[in-house]
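Accompanying notes for the structure given below.
Here, each number is a calculation from the coordinates, and none is a lab measurement. Quick caveat: nothing in here was measured; it's all calculated off a predicted structure. Cβ atoms come from the backbone with ideal geometry, glycine included; neighbour counts cover every protein chain shown.
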Amino acid sequence: MKFQIDSSPHLPPVNDVSRLMRQVLLALLPGIAVASWYFGWGVLINLVVATLLAVGFEALILAIRRRPVVPVISDYSAVVTAWLLVLALPPLAPWWLLTIGVFFAIVVAKQLYGGLGYNPFNPAMVGYVVLLISFPATMTNWMAPTTLADFHLGLSDALRVTFTGEFPPGLDWDAITAATPLDTVRSGLRLGESISEMQDQIPFGLLAGEGWEWISIAFLLGGLWLLWKGIIDWQVPVGLLAALGLLSAVFSLYDPEYFSSPLYQLLGGGAMLGAFFIATDPVSGSTTPLGRLLFGIGVGTITFVIRSWGGYPDGIAFGVLLMNMAAPMIDEYTRPRVYGER
Amino acid sequence: MTLHKLGHFHGGLHLDDHKAESTGQPIEPQPPGKELVLPLRQHIGHDAEAVVKPGDRVGKGQLIAQPFGDISAAIHAPTSGTVVAIEGRPFPHPSGLPVESIVIAADGEDRWAQGLPAPVADFRNLSAPELTQRIREAGIVGLGGAAFPTDAKLRIDKNSISTLVINGAECEPWITCDDMLMREQASGIVSGIAILQHILRPMETLIGIEDNKPEAIEAMRQALATARLDNTEVVVIPTLYPSGGEKQLIKILTGKEVPSGGLPLQIGVVCQNVGTTFAIFEAIVEGKPLIERVVTVTGDGVQQPHNLRLRIGTPISAAIAAAGGYVEGVAELLIGGPMMGVALPSDEVPLIKSANCILASTPANLRRHDAHPCIRCGECATVCPAQLLPQQLYWYARAKDHDKAEDHHLFDCIECGCCDYVCPSHIPLVQYYRHAKGEIRHLRKEKEKADRARIRHQLREERLAREKAERAARLAAKKAALEKKKAAKQDAGDTPDPKKDAIAAALERAKARKAALQQEKAGKTAQESNESP
Ligand code: SF4
Ligand code: SF4
């Protein structure tokens with residue numbers, strides 16, 4: 001009898017990129033649910049729009065590059081990128097902002113470098129930073145959490161805002177936006193207020209900002225699930241959160257009126273999303289175990305520095321992109337000892 | 001029972017072991033078939049040299065090919081019959097390329113040959129070199145799959161071995177031949193261990209068995225208790241692929257690591273598989289050369305998976321038939337287990353000494369061919385038992401950056417397949433490594449060849465130059481002599497003085513002798529410096 005020949009190992013694989021990506025999406029759901037609860041329909045509309053854009057752009061580029069479209073689209077990596085970008089953007093971001101962001105993420109940062117696996121930078125963060133630098137005003141149009149708002153935007157209202165920029169009668173941007181917790185602290189400090197003074201005036205919530213704290217905790221839970229499933233390793237999230245937490249602990253002990261507490265740092269912004277979902281992107285990150293720890297520590301440190309002394313309210317994106325640049329070097333210097341090597 | 005402190009190796013996989021499929025039935029001995037094919041290359045090292053010719057009648061166990069060089073193995077007739085051909089025959093390898101083989105037509109009598117070495121009543125009466133020689137004459141090679149000539153592992157300095165490791169881990173899924181052999185032939189294996197101890201004089205002997213083989217563990221413990229071997233112990237190790245890899249097992253049992261690129265001997269360890277140990281027992285105590293072995297015929301592609309005792313040289317197709325034949329839709333045939341086995345294009349190839357398992361699979365158990373780009377997830381590095389960075393190796397192998405690949409320890413890769421199995425992008429990593437290793441070895445050989453040719457060329461040039469110089473010197477000497485003669489004639493014309501003439505001639509002779517001596521010396525040193533570059 002004749003048989004076809006193949007190379008070892010002769011077993012069906014246990015893992016699958018597409019399944020990994022779908023599990024990441026699943027792990028994002030709790031955070032998305034809480035975010036929608038606090039910020040309304042805008043979040044979901046953005047997710048749908050960005051998903052369609054991301055898949056559309058990717059299919060287009062693949063067709064132009066004459067690559068098979070379906071196998072690549074079905075790896076779900078474009079969807080993950082789209083969702084991560086959306087979760088970093090204001091909930092009522094206009095459609096053109098999404099389009100530009102997704103374009104830079106998928107077309108420029110990912111496909112122009114050769115597609116999944118070849119991109120040196122985290123695509124979602126490239127999209128985010130391009131938007132932050134080009135449209136700083138639009139990017140700070142965060143709305144107040146619904147629990148504090150004296151307005152209500154239904155699905156059709158939210159759709160109208162996203163696609164036409166028009167608000168229902170009696171409402172406008174000024175009426176509905178509110179600074180994010182990190183923004184509040186930043187501008188407060190600029191005006192010479194101390195942390196304790198601000199704490200009395202603004203919606204600090206239970207731990208770190210009304211709404212934000214629960215969104216962060218939901219992302220934390222999703223992240224822990226990914227850890228438990230073995231989809232991400234502990235090194236990046238632990239390194240990132242430990243660095244951010246320890247630095248803010250030391251500095252807030254030293255000057256509690258100028259530096260906010262570790263809890264506020266960890267739960268008041270994008271730290272959890274960043275630690276478990278963004279900085280863990282394997283393609284653009286470090287790949288050795290020690291390298292990943294260093295990568296996480298680097299992102300955490302840069303984030304703290306930018307938040308404390310930089311020109312932007314949050315620093316996760318810059319931290320990730322800067323560490324992306326360092327990743328190949330980190331890998332080179334953190335090669336593990338080989339069996340039998342002295 | 002002492003508790004042995006276990007070491008552990010990095011990574012590894014928990015796999016479905018599929019052992020139960022083939023352990024329900026005792027090992028079934030099989031009669032020899034009609035035609036047996038014995039490739040002269042079925043071990044690591046030099047091919048054996050045929051010592052029979054077509055037409056010769058041979059008895060069972062008769063030497064038909066002798067080892068050539070230090071690392072080589074003898075081959076014996078698995079049954080009685082006639083040598084019908086010595087020719088290239090398909091070999092159990094993916095390429096299906098032929099290998100020079102001795103073909104024996106069985107006469108059906110299965111009659112032992114005359115004059116085989118007698119069984120040894122008490123091996124303790126033989127010296128280590130004598131025993132090693134008998135093992136060599138019995139054609140024994142590593143039966144765990146490596147097929148390294150066993151005697152070559154035993155020719156060592158006295159007192160250099162601290163630990164003898166007996167490998168009964170059998171970590172690959174589906175394979176159960178060692179398990180069944182330990183269950184059924186524990187006392188024979190233990191006798192084999194005693195022989196190895198007599199040869200190697202280790203301080204301790206550790207028998208490593210994975211904890212998914214309770215019957216084998218029990219049988220071995222009982223046999224040990226009966227035989228009362230000193231400092232010998234069954235160590236139960238956790239089931240984790242590839243704990244049966246030589247380097248991994250040594251790490252688990254002794255906590256020591258075999259140096260990168262080195263041998264276990266360098267850390268005072270010798271490792272032998274239980275099947276090999278049993279073959280040693282049979283060779284010494286029963287006087288039987290290696291002409292049969294236990295083979296697991298299994299997989300979801302055969303009707304009745306179980307273990308068979310088969311003559312070396314039996315066609316794989318006959319082994320499958322003995323296991324009830326294929327199931328409908330069988331798609332792949334392997335020698336070895338699913339993780340490290342090699343695929344065969346056809347079942348019309350002979351069983352060779354290293355074949356511990358014949359595995360037939362249906363499409364449900366095949367690897368997939370839908371590779372995506374590497375996403376640098378690092379899963380491969382997490383499971384790599386050699387602590388390599390398989391992902392980097394893959395990039396370098398793909399880019400044919402051989403220096404970088406070697407720098408990342410390509411040659412420490414044991415091709416266990418762990419990285420490949422977990423890769424979410426389904427990249428055929430092991431295939432890349434094997435290819436890169438082959439290419440590097442090929443280039444090295446080419447370079448060696450080129451170096452040798454260059455040195456040969458240099459020597460030739462130097463020899464030619466020397467010859468030319470010598471010719472020139474001879475010519476000059478002749479010319480000088482001629483001229484002198486002429487001058488002497490002229491002198492004779494003036495004032496003939498024979499006495500003066502004689503003195504001058506003697507002086508000339510002495511000078512010439514001295515010059516010749518010097519010449520010779522110079523030539524010699526030139527030659528010497530050539531020979532030791
Ligand atoms: S497991 Fe596969 S995809 Fe992941 S890093 Fe290794 S080679 Fe790349
Ligand atoms: S095949 Fe080689 S690189 Fe892959 S896990 Fe095994 S030893 Fe490591």
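Loop only by DSSP, 12 or fewer other Cβ within 10 Å of the Cβ. Give me the GluC sites (Glu not before Pro) in the stretch B:63-115 that pass, ordered by residue number.
On the way: sites: B:Glu87, B:Glu100, B:Glu109; in loops: B:Glu109.
Of the GluC sites (Glu not before Pro), the ones in loops of the stretch B:63-115 whose Cβ has at most 12 other Cβ atoms within 10 Å are B:Glu109.
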Quiz item: Quick one: length gained pulling B:Arg434 to B:Ala146 fully straight, 0.36 nm per residue minus the C-alpha distance?
Solution: 102.1 nm
Quiz item: Along its principal axes, what span do the Cα atoms of the stretch A:1-110 show, with the longest given first and each in whole Å?
Solution: 65, 34, 18
Exercise. Sticking to Cα atoms, compute the Rg of the protein assembly as shown to one decimal and its Dmax as the biggest Cα-Cα distance, whole number, in Å.
Key: 38.6, 148
Quiz item: Cα-based Rg of the stretch B:46-185 per 2.2 N^0.38 Å, rounded to two decimals?
Solution: 1.22
Quiz item: To the nearest 10 degrees, how steeply does helix B:177-200 sit against the main Cα axis of chain B, on a 0 to 90 scale?
Solution: 40
Exercise. Any chance you could tell me what percent of the C-alpha pair distances in the stretch A:244-317 go past 22 Å?
Key: 22
Exercise. Using Cα centres only, tell me the gap between the stretch B:150-206 and the stretch B:88-111 in whole Å.
Key: 29
Quiz prompt | Gap separating the Cα centres of the stretch A:84-136 and the stretch B:327-374, nearest whole Å | solution = 46
Self-check item: Spin-label pair B:Gln30/B:Glu446, simplified geometry with 7 Å Cα→Cβ offset, distance in nm
Solution: 4.2
Exercise. Compare A:Val34, A:Val185, A:Val69 in a GNM of chain A, Cα atoms joined below 10 Å, and give the one with the largest fluctuation.
Key: A:Val69
Quiz item: What distance in nm separates the simple spin-label points at A:Trp37 and A:Leu60, each placed 7 Å from Cα in the Cβ direction?
Solution: 3.7
Exercise. Report, to two decimal places, the Cα Rg of the stretch A:181-332 normalised by 2.2 N^0.38 Å (N = number of residues).
Key: 1.04
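How crowded by other chains is B:332-345, given as the mean number of beta carbons from other chains within 10 Å of each beta carbon?
4
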Exercise. Diagonalise the Cα gyration tensor of the stretch A:16-178 and give the resulting equivalent ellipsoid semi-axes, square root of 5 times each eigenvalue, largest first, whole Å.
Key: 30, 16, 13
Exercise. Calculate, for A:Ser156 and B:Asp16, the FRET efficiency according to 1/(1 + (r/R0)^6) with r their C-beta to C-beta distance and R0 51 Å; round to the nearest 0.05.
Key: 0.45
Quiz prompt | Relative counts (whole %) of C-alpha pair distances in the stretch B:92-174, using bins that are 10 Å wide | solution = 11, 28, 34, 23, 4
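Using R₀ = 60 Å, calculate the FRET efficiency as 1/(1 + (r/R₀)^6) where r is the Cβ-Cβ separation of A:Glu166 and B:Trp395; round to 0.05. Provide the component values of the computation, followed by the final result.
Values: r = 52 Å, r/R0 = 0.86.
After rounding, the FRET efficiency stands at 0.70.
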Quiz item: So what's the convex hull volume per residue for the Cα atoms of the stretch B:20-357, in Å³?
Solution: 128
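Please compute the contact order of the stretch A:244-342 in relative form: average sequence separation of alpha-carbon pairs under 8 Å and at least six residues apart, divided by the residue count, as a percent.
Details: 99 pairs, mean separation 26.1, N = 99.
Over the stretch A:244-342, the number comes to 26 percent.
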Quiz item: Are there any helices in chain A, counted as whole DSSP H runs, that stretch 18 Å or more along their axis by Cα and score at least 0.0 on average by Kyte-Doolittle, and if so which?
Solution: A:17-39, A:41-64, A:212-228, A:235-254, A:289-309, A:316-333
Practice problem: Quick one: work out the % antiparallel among DSSP beta bridges in chain B, nearest 5. | Solution: 60
Quiz item: Straight-line reach from B:Lys468: which aspartates and glutamates have a Cα under 17 Å away, not including same-chain ones fewer than 8 places off?
Solution: B:Glu520
Quiz item: Can you list, bin by bin at 5 Å, the percent of alpha carbon pairs in the stretch A:92-174, starting at 0?
Solution: 3, 14, 20, 18, 14, 13, 8, 6, 3, 1
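Counting only other chains, what is the mean number of Cβ atoms within 10 angstrom of the Cβ of each residue in peptide B:416-425? Intermediate values should be presented prior to the final figure.
Numbers: counts 2, 5, 1, 1, 5, 8, 3, 5, 12, 8.
Counting Cβ atoms of other protein chains within 10 Å of each residue's Cβ and averaging gives 5.
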Quiz item: What percent do you get for the relative contact order of the stretch A:16-178 when only Cα pairs under 8 Å and 6+ apart count?
Solution: 26
Self-check item: Descending principal axes extents, the stretch B:240-321, alpha-carbon based, whole Å
Solution: 44, 37, 20
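Kindly state, to the nearest 0.05, the FRET efficiency for A:Ser134 paired with B:Ser95, given R0 = 56 Å and r defined as their beta-carbon distance.
Values: r = 59 Å, r/R0 = 1.05.
Step by step, r from the Cβ atoms, then E = 0.45.
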Quiz prompt | When chain A is reduced to its Cα atoms, the Kirkwood hydrodynamic radius in Å | solution = 21.1
Quiz prompt | 10 Å binning of all Cα-Cα separations within the stretch B:371-476, expressed as whole percents from 0 upward | solution = 14, 33, 16, 10, 9, 8, 6, 3, 0
Quiz prompt | Cα-based helix-to-principal-axis angle, B:274-285 vs chain B, degrees rounded to 10 | solution = 70
Quiz item: Comparing A:Pro145, A:Pro94, A:Pro169, which has the greatest mean-square fluctuation in the GNM of chain A with Cα pairs linked when under 10 Å apart?
Solution: A:Pro169
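Got the relative contact order for the stretch B:20-357 handy, in percent, Cα pairs under 8 Å and 6 or more residues apart? Walk me through the intermediate numbers first.
Details: 820 pairs, mean separation 79.4, N = 338.
Worked out over the stretch B:20-357, it gives 24 percent.
Residue by residue through B:284-295, how many Cβ atoms from other chains fall within 10 Å of the Cβ on average? Present the calculation step by step, with values, prior to reporting the outcome.
Values: counts 0, 0, 0, 0, 0, 0, 0, 0, 0, 0, 0, 0.
Mean partner-chain Cβ count within 10 Å for B:284-295: 0.
Shape of the stretch B:166-238 from its Cα gyration tensor (a ≥ b ≥ c, root eigenvalues): rounded if a/c is under 1.5, otherwise prolate when a/b > b/c, or oblate? Before the final figure, lay out each step's value.
Working: a/c = 1.83, a/b = 1.63, b/c = 1.13.
Prolate, because a/c is 1.5 or more and a/b exceeds b/c.
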Self-check item: Debye intensity ratio I(q)/I(0), log10, the stretch A:283-342, q values 0.25 Å⁻¹ (C-alpha model)
Solution: -0.92
Practice problem: Sticking with the crude label model, points 7 Å out along Cα→Cβ, report the distance from B:Ala321 to B:Arg111 in nm, one decimal please. | Solution: 2.5
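May I ask you to list the GluC sites (Glu not before Pro) in the stretch B:174-257 that are in a DSSP loop and have at most 14 other Cβ atoms within 10 Å of their Cβ? Present the calculation step by step, with values, prior to reporting the outcome.
On the way: sites: B:Glu184, B:Glu204, B:Glu210, B:Glu215, B:Glu218, B:Glu233, B:Glu246, B:Glu257; in loops: B:Glu257.
Within the stretch B:174-257, no GluC sites (Glu not before Pro) qualify (loop, at most 14 other Cβ atoms within 10 Å).
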Quiz prompt | Sorted by Cβ density within 10 Å, fewest first, the residues A:Val320, B:Val51, B:Val302 | solution = B:Val51, B:Val302, A:Val320
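Sorted by mean Cβ packing within 10 Å, highest first, what order do the peptides A:269-276, B:114-121, B:384-391 take?
Packing order, densest peptide first, comes out as A:269-276, B:384-391, B:114-121.
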Quiz item: What pairs from A:Lys229/B:Lys19; A:Lys2/B:Lys445; A:Lys2/B:Lys60; B:Lys5/B:Lys213 go past 29 Å between their alpha carbons?
Solution: A:Lys2/B:Lys445; A:Lys2/B:Lys60
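What fraction of the DSSP beta bridges in the protein assembly as shown is antiparallel, stated in percent and rounded to the nearest 5?
Numbers: 38 of 61 bridges.
If I count the DSSP bridges inside the protein assembly as shown, around 60 percent turn out antiparallel.
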